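Below: one structure, written as structure tokens.
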């Protein structure tokens, strides 16, 4: 039995159901894998843990992988497993009707006052024919509590939002939440979850990672074929209230987001890196082959 430590990108939630299914069914054990799921203290802690050798694998988003590589972090991505609709959320009673109306607004996003949130919103405004500078916005950091930031009037809009989570949450709380998707307004579609590791781990433990991905695929297959049984596994393992309308809605909306195609193209990463450099989120770009591989997928 070989141990693998997998760092989650956030707290344990329906995005991680295939791993819970694999654990519940004993499939990881059958593959000779002792899998440990770790919730990082901060959203991006896992990259540092991988670099130090304290963690074997981590879940992140393509945006962060490109950013880490631009900082010469020793990480490589090797599989995608979830693709959701991400973008900017706002409330119907705001003065926002189309992307260019977001100019000069208060933006809620994790990492504020960093450059990410304004860069995303600026791109969307310009794609709608508007004009603005990143200095025109007021950054708001309410951690990952996007919905709270809007409902408590701390911000006018929230970015880095997943449609299958925050939009449903806001509506569940009785508010008409609206949404601009990244992919519709000039921003590369980076709201996907991927697996990363250290390049040395990829080479030295390749057979183990191949077995790990087979179990992941099996978990995704089970989730699509038996969503009710998978939901029960999730609720039992996380001790979630099975009668919660919100959690049931989030689970149902998340199921279609899991993909059987674990690969990603070099063209996708080149476009994402180009946008990030133009938006001054990174200083330099690298060839995707330096930080992404489809050889295991």
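The values are calculated or read from the model by the stated rules, or taken from the named source; none is laboratory data. Keep in mind that this is a model prediction, so the values were computed, not measured. Because the Cβ atoms are built from the backbone with ideal geometry, glycine has one as well, and the counts that use them run over all protein chains shown.
Cβ separations smaller than 8 Å between residues 6+ apart or across chains give the following pairs from the stretch 161-179 residues that are at negative phi and outside the structural domain of residue 258 (by TED's automatic domain parsing) to residues that are assigned to a loop (DSSP other than H, G, I, E, B) and surrounded by 21 or more Cβ atoms within 10 Å (Cβ to Cβ): 162/191.
Just for the stretch 207-246: of the residues that are outside any helix (DSSP H, G or I) and over 18 Å from residue 37 (Cβ atoms), which one is farthest from the chain's Cα centre (by Cα)? Give the derivation first.
Taking the stretch 207-246 first, the residues outside any helix (DSSP H, G or I) are 226, 239-244.
Restricting the remaining residues to those that are over 18 Å from residue 37 (Cβ atoms) gives 226, 241-244.
Working: 226: 24, 241: 24, 242: 25, 243: 26, 244: 23 Å.
Here the residue is 243.
For residue 217, the test of being in contact with a helix residue (DSSP H, G or I) (Cβ under 9 Å, 6 or more places away or on another chain) and free of Cβ contacts under 8 Å to residues at least 40 places away in the same chain is failed. Among the residues of the stretch 180-200, those identified as surrounded by 23 or more Cβ atoms within 10 Å (Cβ to Cβ) and in a loop (DSSP other than H, G, I, E, B) are 187, 191.
Restricted to helices (runs of 4 or more DSSP H) entirely inside the stretch 56-157, those with at least 1 residues that are in the same structural domain as residue 41 (by TED's automatic domain parsing) are 62-70. Looking at the stretch 144-154, can you tell me whether even one residue there is modelled with pLDDT of 95 or more, within 30 Å of residue 294 (Cα to Cα) and surrounded by fewer than 23 Cβ atoms within 10 Å (Cβ to Cβ)? Checked against the condition, which is being modelled with pLDDT of 95 or more, within 30 Å of residue 294 (Cα to Cα) and surrounded by fewer than 23 Cβ atoms within 10 Å (Cβ to Cβ), the stretch 144-154 yields no hits at all.
From the list 20, 82, exactly one residue is touching a strand residue (DSSP E or B) at 6+ places or on another chain (Cβ under 6 Å) and closer than 22 Å to residue 209 by Cα. Which is it?
Working: 20 fails: touching a strand residue (DSSP E or B) at 6+ places or on another chain (Cβ under 6 Å).
Selected residue: 82, the only one of 20, 82 that is touching a strand residue (DSSP E or B) at 6+ places or on another chain (Cβ under 6 Å) and closer than 22 Å to residue 209 by Cα.
Of the numbered criteria (1) modelled with pLDDT of 95 or more; (2) closer than 29 Å to residue 254 by Cβ, the one residue 163 fails is (1).
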